[in-house]
Structures are given as C-alpha cells and as structure tokens.
Amino acid sequence: MSRQREANTGVGGWRTVGELLADSDELAHETLLDATPDHAPAMVRSWNQLVRSAAELGAVLPSGPNSPSELDPANVRRDLRRALKLVPDIRQLRDLTRYRIDLVGVRTAEKNRVDKLLEDACLKLSVVASDIFGVSGRAMMAALIAGGRDPTTLADLARSRMRTKIPRLEESFAGLRLGTFDDHHRFLLARMLARVDAVDLDIAAVDTQIGQHLTPFADAVARL
C-alpha cells in the first residue's frame with residue numbers, strides 16, 4: 001500500500017469505497033488486467049467511464065446508512081469484476097437511448113416545420129386537429145401533395161372522431177381557394193413528411209436494439 005493510501009486509510013485499516021476510488025488508478029489497472037487480460041483495453045475508454053457505468057448498476061458504490069460502505073480492496077476487486085461483465089452492455093444501452101432522444105428531437109423539429117409550412121400557406125389544420133400527424137391529418141396532407149385543392153373533399157378525409165369537426169376542417173382549408181398552397185409548398189411538404197417517416201423507421205430500429213440490450217436486465221425492467 002502506498003503512502004497516499006496509508007494516509008487515507010480509515011478506522012481499523014478499512015477504507016471507504018469513495019476513498020478507494022479517489023486514488024484508484026493502480027487498483028483499476030490491476031483489476032482490469034486480472035478480470036479480462038485480453039480485452040481490458042478495448043473494454044472501457046477510461047477508468048472514470050468504468051466507475052460511472054458500474055455505479056449505475058449499483059455494484060460499486062453502495063449507499064445508505066446501513067450499507068456496507070467500508071470495504072477492503074479485495075471486496076472492491078470482486079465487485080468490479082462482477083460489474084465489468086455488464087459495463088459494455090450498459091454503455092451500449094446508454095448510447096442507444098441517447099441516440100433515440102436525439103432522433104425524437106429531429107422528428108419533433110421536422111413536424112414543427114410542417115406545421116409552420118401549412119401556416120405559411122394559410123392552412124389552419126393544426127388549429128382544428130390536435131395531432132396533424134394522425135391518420136386523418138396524414139391523409140389530408142397526402143391529398144395536398146397529390147394535388148387536392150378542394151376544402152370539402154379534403155375535410156371529408158377525416159376519420160373517426162375527427163368527422164365531427166368536418167365543418168371546421170373545411171374552414172381550415174379555406175386558404176386553398178386563394179391559391180396560397182402552391183408547388184413550392186407541395187415540394188417542401190413532401191420532403192418534410194418523407195423525413196418524418198424516415199426518422200420513424202430509425203426510431204423503430206433503435207427501439208429493437210434497445211429491447212435486445214435490455215434482455216439481461218429483464219427482471220429489473222419488469223419492476224419499473
């Protein structure tokens with residue numbers, strides 16, 4: 001044990017987990033080599049990342065007044081070896097969930113552009129429909145892209161409960177009679193909706209990957 005470690009040794013020769021991790025470069029190096037001699041370098045990007053990932057599992061940093069917060073180095077090594085087996089899965093799962101958040105943000109931004117584009121064309125669809133990307137809204141926008149310009153015909157594409165709003169839907173498309181929705185708007189609307197659909201597919205693919213990565217933690221997920 002180095003002088004620094006001796007200086008940080010707690011009562012009775014025991015050291016808390018926090019103290020062990022505070023100057024843990026040497027301990028981490030020994031633990032990684034001992035746990036995975038061939039794959040340790042590629043297994044973690046840094047010791048800090050390892051600690052964060054392991055902490056998320058609750059395997060390294062116990063807490064609470066009655067928790068075993070004072071551990072000797074042998075016990076820390078044991079807990080680290082246990083956590084190391086799951087660190088890659090946790091890191092990959094975190095990458096996937098963060099990417100999903102980014103994709104949802106991209107989709108939301110594109111939907112906002114669609115709403116703004118319709119407003120620019122004096123089409124007040126979002127005033128009547130709470131979600132213009134529902135079945136009814138998408139059918140109406142598809143008709144606009146296809147060349148539909150009759151407010152009554154477009155409003156009649158409403159489905160389910162939206163049909164009770166047909167008179168208001170006709171009013172929301174009144175701008176079409178003034179020719180405010182032109183080929184420029186049609187081109188942009190088609191591109192924006194295609195982008196929304198593409199991101200939807202990306203999100204679905206990421207969801208599938210997340211589901212696969214959650215398999216080792218099925219019991220924990222079931223308790224959420």
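Output the number of residues of segment 142-159 satisfying the condition of being among the hydrophobic types (A, V, I, L, M, F, W, C), within 18 Å of HIS184 (Cβ to Cβ) and in contact with a helix residue (DSSP H, G or I) (Cβ under 6 Å, 6 or more places away or on another chain).
2
Would segment 164-186 turn up any residue that is of a type outside the set (S, T, N, Q) and more than 19 Å from CYS122 (Cα to Cα)?
No, segment 164-186 has no match at all.
Any residue that is in a loop (DSSP other than H, G, I, E, B) and modelled with pLDDT under 85 - is there at least one of those in segment 73-81?
No, there is no match, as no residue in segment 73-81 is in a loop (DSSP other than H, G, I, E, B) and modelled with pLDDT under 85.
Would a scan of segment 200-216 turn up a residue that is assigned to a helix (DSSP H, G or I), under 36 Å from the mean Cα position of the chain (by Cα) and over 22 Å from ASP102 (Cα atoms)?
Looking for residues that are assigned to a helix (DSSP H, G or I), under 36 Å from the mean Cα position of the chain (by Cα) and over 22 Å from ASP102 (Cα atoms), one finds at least one in segment 200-216, hence yes.
The values are calculated or read from the model by the stated rules, or taken from the named source; none is laboratory data. All values reported here derive from a predicted model rather than from experimental measurement. Cβ: placed from backbone, ideal geometry, glycine included. Neighbour counts: every protein chain shown.
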